[in-house]
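To start, the structure itself, in structure tokens.
The values are calculated or read from the model by the stated rules, or taken from the named source; none is laboratory data. Worth saying up front: this structure is predicted, and the values here are computed from it rather than measured. Every residue, glycine among them, receives a Cβ derived from its backbone with ideal geometry; neighbour counts consider all protein chains shown. Please note that ligands, DNA and RNA were not included when accessible areas were found on the heavy atoms of the full protein model with its side chains. Shrake-Rupley method; radii C 1.70, N 1.55, O 1.52, S 1.80 Å.
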Amino acid sequence: MKKSLVYNKAFKFAIRIVNLYKNLCKEKNEYTISKQVLRSGTSIGANIKEAVQASSKRDFLMKMNIALKEASETDYWLELLKATDYLDAKVSESMISDCTELNNMLASIVKTTKENLKVVGK
């Protein structure tokens, strides 16, 4: 089975998040915020993967909505890491840009799925 574009982007983003976590722990001795960004940043792809196996369109929507919420939370932690100088400008801009792209993709999927469910429900 071919994986979707949003799943592939989320998986690559999760790899970056894991590497960011390792770097923050090793180089900056930062364990609290880094753990939060690790959890939310890796959860995005996991929820997308679950959505692919959803038992219904409503279940799909619920999982994608959770992925969207996790992406939004990840954006917050990345902004906080930037504002507290745990991330330099180049790294933070790249990570935040990737996260914003995922947020936009997921928001579009959620919106379209909601619209399609309304049409089916009529």
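Regarding the range 74-86, can at least one residue be identified that is among the aromatic types (Phe, Trp, Tyr), at negative phi and in a helix (DSSP H, G or I)? The answer is yes, given that some residue of the range 74-86 is among the aromatic types (Phe, Trp, Tyr), at negative phi and in a helix (DSSP H, G or I).
Residue by residue, here is whether (1) of a type in the set (A, V, I, L, M, F, W, C); (2) in contact (Cβ under 8 Å) with a residue 40 or more places away in the chain; (3) under 18 Å from Glu101 (Cβ atoms) holds:
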site: Glu30; (1), (2), (3): no, yes, no
site: Arg39; (1), (2), (3): no, no, no
site: Val52; (1), (2), (3): yes, yes, no
site: Lys69; (1), (2), (3): no, no, yes
site: Tyr76; (1), (2), (3): no, no, yes
site: Lys82; (1), (2), (3): no, no, yes
site: Tyr86; (1), (2), (3): no, yes, no
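Being open to solvent by 30 Å² or more (accessible area, probe 1.4 Å), of a type in the set (A, V, I, L, M, F, W, C) and within 12 Å of Ile17 (Cα to Cα) holds for only one residue in Val91, Val52, Val37, and it is Val91. The number of residues in the range 1-34 being open to solvent by 30 Å² or more (accessible area, probe 1.4 Å), of a type in the set (Gly, Ala, Ser) and in contact with a Ser or Thr (Cβ under 9 Å, 6 or more places away or on another chain) comes to 0. Is there a residue being in contact with a helix residue (DSSP H, G or I) (Cβ under 8 Å, 6 or more places away or on another chain), modelled with pLDDT of 95 or more, crowded, with 19+ Cβ neighbours inside 10 Å and part of a helix (DSSP H, G or I) anywhere in the range 112-122? Within the range 112-122, not a single residue is in contact with a helix residue (DSSP H, G or I) (Cβ under 8 Å, 6 or more places away or on another chain), modelled with pLDDT of 95 or more, crowded, with 19+ Cβ neighbours inside 10 Å and part of a helix (DSSP H, G or I). For Asn19, the stated conditions hold: it is more than 10 Å from the chain's Cα centre (by Cα), under 20 Å from Glu79 (Cα atoms) and part of a helix (DSSP H, G or I).
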